[in-house]
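Participant: Can you keep this structure in mind? I'll have questions shortly.
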Amino acid sequence: QGQLVESGGGLVQAGGSLSLSCATPRSIFSINTMGWYRQAPGKQRELVASITNRGNTEYVDSVKGRFAISRDNSKKMVYLQMNSLKSEDTAVYYCNAVGILAWDWGQGTQVTVSS
C-alpha cells in the first residue's frame, strides 16, 4: 500500500511562508480529490484545502487567500503553499485523499508559527 510522506514544515514567524509537499505511494490519477488536513493540539483533524483532478480548489474560510493547494499527478505529488501564516495555523499537516479511504495517514509535518 505504501505510505504518504509529508515534508516542508518548520518554525516560522507570523507573516512568514512555508511550502509543504506530499509524496504519494502510487498514482493519484484515479484519485479525484486530494486534500491537506491539519490537527492542532487538543483539536480534531480538519480538512483545510482540497483539489480535484480538474484543478478545482476549495479552502476552509480561515485560510482562504493565504493558502494555495496544487497537485502534479505525473510526479504523484500534492503541494500546499502557505503565506501570511498566523499562530492559529500551528498544527501537524497531513495530506490524503478526500472522500475515500485511499491510504493510512502519514506522519505529517509540523508547522509552528510564532507570534
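The values are calculated or read from the model by the stated rules, or taken from the named source; none is laboratory data. None of these values were measured; they are calculated from a predicted model. Cβ placement follows ideal geometry from the backbone for every residue including glycine, while neighbour counts extend to all protein chains displayed. Surface accessibility is based on the protein's heavy atoms, side chains included, excluding ligands, DNA and RNA. Shrake-Rupley method; radii C 1.70, N 1.55, O 1.52, S 1.80 Å.
Participant: Using only protein heavy atoms and a 1.4 Å probe, report how much of TRP105 is accessible, in Å² to the nearest 10.
Facilitator: About 100 Å², rounded to the nearest 10.
Participant: Enumerate the residues in the range 9-25 having an amide nitrogen under 12 Å from the point lying 7 Å beyond the Cα of ASP104 toward its Cβ.
Facilitator: none
Participant: Let me ask something additional. Below 8 Å between Cα atoms, with a sequence gap of 6+, how large is the relative contact order for the range 25-89 in percent?
Facilitator: 27
Participant: Residues of the range 8-23 with backbone nitrogen within less than 17 Å of a virtual label 7 Å along the Cα-to-Cβ line of SER115, please, listed as ranges.
Facilitator: 12-16
Participant: Also: Report, by chain and number, residues whose modeled amide H sits under 5 Å from the one on TRP103, excluding near sequence neighbours (fewer than 5 apart, same chain).
Facilitator: ALA97
Participant: Classify the chain: rounded, prolate or oblate, from the alpha-carbon gyration tensor (a ≥ b ≥ c, eigenvalue square roots; a/c under 1.5 rounded; otherwise prolate if a/b is larger than b/c)?
Facilitator: prolate
Participant: Be a star and scan the range 58-76 for residues whose amide nitrogen sits under 11 Å from the point 7 Å along the Cα-to-Cβ vector of GLN44.
Facilitator: It comes to no residues whatsoever.
Participant: Order LEU18, LEU85 by their accessible area, 1.4 angstrom probe, all chains in place, largest first.
Facilitator: LEU18, LEU85
Participant: When only Cα pairs under 8 Å and 6 or more residues apart are kept, what is the percent relative contact order across the chain?
Facilitator: In percent, rounded to a whole number, it is 38.
Participant: While we're looking at this one, here's another question. Give me the net charge of SER84's neighbourhood, meaning all other residues with Cβ under 13 Å from the Cβ of SER84; Lys, Arg count +1, Asp, Glu -1.
Facilitator: Spelling it out: positives minus negatives among the neighbours equals +1.
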